[in-house]
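Chemist: Handing you this structure, nothing more for now.
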Amino acid sequence: MPVPTELLKTLLLKQKQQTITEQEMVLLRLYLATAGAEAALDAVDFSDMPEAGGQPHTPADVRYQRILQAIDQPAEARSPWRKWIIRAAAAVFLTAGSAALLHYLLPPSAAPVQMLTYRTGNGEIKAITLPDSSRVWLNARSVLHYPATFNTPQRQVTLEQGQAFFDVAHDLQHPFIVSSGQGVQTTVLGTSFTVRVDSNTANIQVAVKTGKVSVKQASHPVAVLMPGDQVDYDVQQSRAAVSKTDTAAISQWTSGKIVFTQASFAAIAATMQQLYGLQVIAGNTSIPRNRYSLTIRYDADPVKLLEVISVINGNRCEWKNTTHTIAVLH
């Protein structure tokens with residue numbers, strides 16, 4: 001009877017903690033009585049199990065004997081015990097089915113969970129409801145991964161690329177974590193905030209609208225943010241810059257438009273890249289000093305939009321390729 005190593009370890013832990021049920025003990029003893037059990041135990045990570053005696057590389061046969069002793073099953077009694085257990089377990093399997101029994105005994109934290117992926121295209125926004133009723137707005141050209149159900153102590157999602165605004169359901173017992181590459185994690189209990197990931201520059205930005213947010217890389221604290229705080233984190237340099245931002249503007253883009261007031265050329269170029277994948281280049285040294293006040297709507301024609309942007313400061317737009325993905329402002 002093949003049993004996942006995760007289930008085996010879970011049963012052993014529950015037995016040691018004296019929380020194992022009679023049905024689970026039947027399955028544990030049955031599994032340990034089958035041929036090949038010693039070899040199977042060798043695949044289990046026992047480094048954090050007391051039965052390893054502080055020696056995770058203890059030979060499999062020694063670990064096997066220690067585990068049998070821990071569940072009050074002397075090694076010499078294995079043969080008669082096996083006969084009784086096989087008969088008892090067989091009756092259970094015949095009535096409930098082995099798959100159903102394993103599903104019942106396998107704790108949620110060890111059960112395989114389907115991962116879902118959402119991707120957005122140019123100028124596209126998606127609103128997503130997560131399994132815990134948290135809401136996510138996924139900005140254009142972004143990728144989000146999350147489990148079909150949260151069945152672990154932590155509610156964890158991954159923002160692979162792009163930007164997302166999170167309105168997290170409050171749950172003190174289950175922290176909500178956004179992973180965004182290279183060990184960077186944003187952790188909250190219940191709040192609203194935005195995370196932006198630029199995989200090209202290895203830069204991660206987190207801005208908080210409500211609540212409190214903790215950002216760290218591996219075990220290294222990056223920043224603790226309150227409403228109106230924003231951190232720009234250079235992953236490669238391990239450098240964080242914390243600044244203030246307008247809380248009203250943090251989620252403004254979720255409505256499908258962005259209002260700019262005296263925005264820099266760099267901000268406009270970054271937005272065109274993020275929304276439509278357009279590369280906008282300054283054709284002379286005066287362009288980076290330009291300022292722009294306008295509203296960009298997601299459903300706009302990006303080619304016409306960029307031509308409008310170019311004339312705000314009396315410039316002209318030159319397209320460098322026929323696919324209209326690279327433009328130079330002169």
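Chemist: Out of the residues in the range 193-240 that are of a type in the set (D, E, K, R) and closer than 24 Å to Gln252 by Cα, state the one that is modelled with the lowest pLDDT.
Modeler: The first filter runs over the range 193-240 and keeps only residues of a type in the set (D, E, K, R), leaving 196, 198, 209, 212, 216, 229, 232, 234, 239.
Filter again for closer than 24 Å to Gln252 by Cα, leaving 196, 198, 209, 212, 229, 232.
Working: Arg196: 95, Asp198: 88, Lys209: 97, Lys212: 95, Asp229: 97, Asp232: 96.
Filtering the range 193-240 for residues that are of a type in the set (D, E, K, R) and closer than 24 Å to Gln252 by Cα, the one modelled with the lowest pLDDT comes out as Asp198.
Chemist: Identify all residues within the range 222-281 that are among the small types (Gly, Ala, Ser), assigned to a strand (DSSP E or B) and surrounded by 16 or more Cβ atoms within 10 Å (Cβ to Cβ); write none if there are none.
Modeler: Passing the criteria: Ala223, Ala240, Ala263.
Chemist: Suppose the filter is touching a Lys or Arg at 6+ places or on another chain (Cβ under 9 Å) and assigned by TED's automatic domain parsing to the domain that holds Ala263; does Leu294 pass it?
Modeler: no
Chemist: Considering every residue within the range 241-249, establish whether at least one is modelled with pLDDT under 95, out of contact with any Pro (no Cβ under 6 Å at 6 or more places or on another chain) and within 22 Å of Gly123 (Cα to Cα).
Modeler: For the range 241-249, residues modelled with pLDDT under 95, out of contact with any Pro (no Cβ under 6 Å at 6 or more places or on another chain) and within 22 Å of Gly123 (Cα to Cα): present.
Chemist: Applying the selection to the range 209-221, what residues are out of contact with any strand residue (DSSP E or B) (no Cβ under 6 Å at 6 or more places or on another chain) and assigned to a strand (DSSP E or B)?
Modeler: Answer for the range 209-221, where residues must be out of contact with any strand residue (DSSP E or B) (no Cβ under 6 Å at 6 or more places or on another chain) and assigned to a strand (DSSP E or B): His220, Pro221.
Chemist: Do you know which of the residues in the range 301-330 that are surrounded by fewer than 17 Cβ atoms within 10 Å (Cβ to Cβ) and in contact (Cβ under 8 Å) with a residue 40 or more places away in the chain is farthest from the chain's Cα centre (by Cα)? Even if it seems obvious, please write down each step before you answer.
Modeler: If we filter the range 301-330 for residues that are surrounded by fewer than 17 Cβ atoms within 10 Å (Cβ to Cβ), which is where we start, we get 301, 303-304, 307-308, 311-314, 316, 318-326, 330.
Subsequent filtering for residues that are in contact (Cβ under 8 Å) with a residue 40 or more places away in the chain retains 324-326, 330.
Values: His324: 34, Thr325: 31, Ile326: 33, His330: 42 Å.
Per the stated criteria, the residue is His330.
Chemist: Let me ask another. Can you find, within the range 189-213, the residue that is surrounded by the most Cβ atoms within 10 Å (Cβ to Cβ) among those that are under 18 Å from Ser134 (Cα atoms) and among the polar types (S, T, N, Q)?
Modeler: Only one residue tops the list, namely Thr194.
The values are calculated or read from the model by the stated rules, or taken from the named source; none is laboratory data. Note that the structure is predicted; figures quoted are calculated from it, not measured. Cβ: placed from backbone, ideal geometry, glycine included. Neighbour counts: every protein chain shown.
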